[in-house]
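Visitor: Below you will find the structure I want to go over with you.
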Amino acid sequence: MPKRPEDICPEPTLQSVNADSLLNPGIYPAAVYRCADPDEALALLEGRQPGYVYQRDGHPNADALSAKCARLHQAEWAVVTSSGMSAMASALLAFVQHGDHLVVSDGVYGHSINLLRTEASRMGIDTTLVDTNDVEATIAAVRSNTKMIVAETISNPLLRVANIKALAEIARDTDAKLLIDNTFATPIVCQPLLHGADLVLESISKMMNGHGDVMLGMLAGRSDELARVRRVMSVWGLTSSPFDCWLAARGLATLPLRMQQACISALEIARFLSGHDKIDEVVYPGLPNHPDYQLAVDQFRGQFGCVVTFRLAADADGTADFIRTCQAIPFCPSLGDVSTTLSHPASTSHRSLSEEEQAALGIGPNSIRLSVGTEPANSIVDALDKALSQLSEG
Ligand SMILES: Cc1ncc(COP(=O)(O)O)c(C=O)c1O
């Protein structure tokens, strides 16, 4: 019988600290907690008794946020880490070791590649990058010592959709774990564990928190790996801050509302851009011309995400002019805020790639990635339309 999230991250622990009856939880910045006697200290430190001793090993705000995350992903356990990258590091350090092999999607976040290939190689871990949308190529990349397959539900910036079910089968056949980075989807759009993933990761810094004021990550899973992950987080010091967890728990309360609004707007904006003569190409998994549209319909929960990528009918200078002109939409090289922001992959997230490598991924100097927020769709469409009309005048 699988454990329920509330059994693993018990609310009573929080309530016992929260002595007064506040409607909302307090912030517990304590670095260390007082123990009644050596017996209690031992019981707490060995995990036989719920409670807290030292913040790096756990604290009430992390547990409250973890419990919410576990419920959103229908996971048996979830942990909150100091960033999305430290969630990735936790998975690597907990489940992969010297002599093992990783299969990693060539479309994952640049720093994930830096960690899973460059840094991992220093620990004697071998990594193969592969187009995980090509099932045959992925099967061919797997070896007898492959311990983990890593892909993103929705990749950046081409918004390719992972075939989680197919990847889960490949992982199962070789006794590897499938880790899905769900940052661009959030559990509102997709719950990878329900499609066969073993582990799911979120950069809480993005849509999960949603207010651009927190740096946190999350790792969640289906089976009994929690003790190993907690140990790695404590020993490597990957733990979250109480204040960030408190803010993110507040942000998470509006995640369904924010994502619903943003996804509806994103589809409307994608349709508007598709018909515009100053736009060369629009990429959005909710448009039937997207290569993974059917996969998105099958795996997603009726929404297609809040990120739209498009190419302007302009050169690099024209694109820079568009970004300067589009004052109503701030140029921010991140995503997932309540307000709409735009980014330019060639000069930010993918700057370490050569022009040829960028082109191979479908990124040009004229590519723009829009992270749609909670404003009414027509105000975003108006801002884009205005900037596009000025582009045509130039
Ligand atoms: C898809 C994806 N995964 C992971 C991360 C890393 O998250 P963080 O910035 O919280 O470390 C990012 C950051 O941009 C990301 O885009």
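The values are calculated or read from the model by the stated rules, or taken from the named source; none is laboratory data. For clarity, every value in this text was computed on a predicted model and none was experimentally measured. Positions of Cβ are generated from backbone atoms using ideal geometry, with glycine treated the same way; all protein chains shown enter the neighbour counts.
Listed here are the residues, each with its yes/no results for (1) more than 19 Å from Ile154 (Cα to Cα); (2) in contact with a helix residue (DSSP H, G or I) (Cβ under 9 Å, 6 or more places away or on another chain).
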residue: Leu273; (1), (2): yes, yes
residue: Val282; (1), (2): no, yes
residue: Tyr293; (1), (2): no, no
residue: Phe300; (1), (2): no, yes
residue: Val308; (1), (2): no, yes
residue: Ala314; (1), (2): yes, yes
residue: Ile323; (1), (2): yes, yes
residue: Val338; (1), (2): yes, yes
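Visitor: I'm told His211 meets every condition in (1) more than 11 Å from the ligand (Cβ to nearest atom); (2) buried (at least 20 other Cβ atoms within 10 Å of the Cβ); (3) closer than 18 Å to Ser371 by Cβ except one. Can you identify the failing condition by its number?
Guide: (2)
Visitor: Let me ask something additional. Among the strands (runs of 3 or more DSSP E) lying completely within the stretch 32-141, list those that include at least 1 residues that are within 18 Å of Trp236 (Cα to Cα).
Guide: The qualifying strands (runs of 3 or more DSSP E) are 77-81.
Visitor: Further, regarding this structure: Among the hydroxyl-bearing types (Ser, Thr, Tyr) and either surrounded by 15 or more Cβ atoms within 10 Å (Cβ to Cβ) or within 16 Å of the ligand (Cβ to nearest atom) (or both): is that true of Ser354 in this structure?
Guide: When the stated conditions are applied, Ser354 does not pass them.
Visitor: Also, I was wondering about something else. Within the stretch 77-84, is even one residue surrounded by fewer than 23 Cβ atoms within 10 Å (Cβ to Cβ) and away from the ligand (no atom under 16 Å from the Cβ)? Let's see the steps before the verdict.
Guide: Let us first name the residues in the stretch 77-84 that are surrounded by fewer than 23 Cβ atoms within 10 Å (Cβ to Cβ), namely 82-83.
Remaining after also requiring away from the ligand (no atom under 16 Å from the Cβ): none.
The answer is no; no qualifying residue exists.
Visitor: Also, I was wondering about something else. Just checking, does the stretch 377-385 include any residue being loosely packed, with under 15 Cβ neighbours inside 10 Å, hydroxyl-bearing (Ser, Thr, Tyr) and in contact with a Gly (Cβ under 8 Å, 6 or more places away or on another chain)?
Guide: For the stretch 377-385, residues loosely packed, with under 15 Cβ neighbours inside 10 Å, hydroxyl-bearing (Ser, Thr, Tyr) and in contact with a Gly (Cβ under 8 Å, 6 or more places away or on another chain): absent.
Visitor: Shifting gears a bit: Given the residues Ser21, Ser16, which is the only one that is among the hydroxyl-bearing types (Ser, Thr, Tyr) and modelled with pLDDT of 60 or more?
Guide: Matching residue, one of Ser21, Ser16: Ser21.
Visitor: Another question about this same structure. Consider Gly217 carefully, then state whether it is surrounded by fewer than 22 Cβ atoms within 10 Å (Cβ to Cβ), within 16 Å of the ligand (Cβ to nearest atom) and at pLDDT 95 or above.
Guide: No, not satisfied.
Visitor: Let me ask something else. Could you tell me how many of the residues in the stretch 318-346 are within 15 Å of the ligand (Cβ to nearest atom) and among the hydroxyl-bearing types (Ser, Thr, Tyr)?
Guide: So the count comes out to 3.
Visitor: A further question on this structure: Considering only the stretch 234-243, I want to know if a residue exists there that is in contact (Cβ under 8 Å) with a residue 60 or more places away in the chain, in a helix (DSSP H, G or I) and in contact with a Lys or Arg (Cβ under 8 Å, 6 or more places away or on another chain).
Guide: yes
Visitor: Next question. What number of residues in the stretch 249-301 are assigned to a strand (DSSP E or B) and over 27 Å from Ala383 (Cβ atoms)?
Guide: 0
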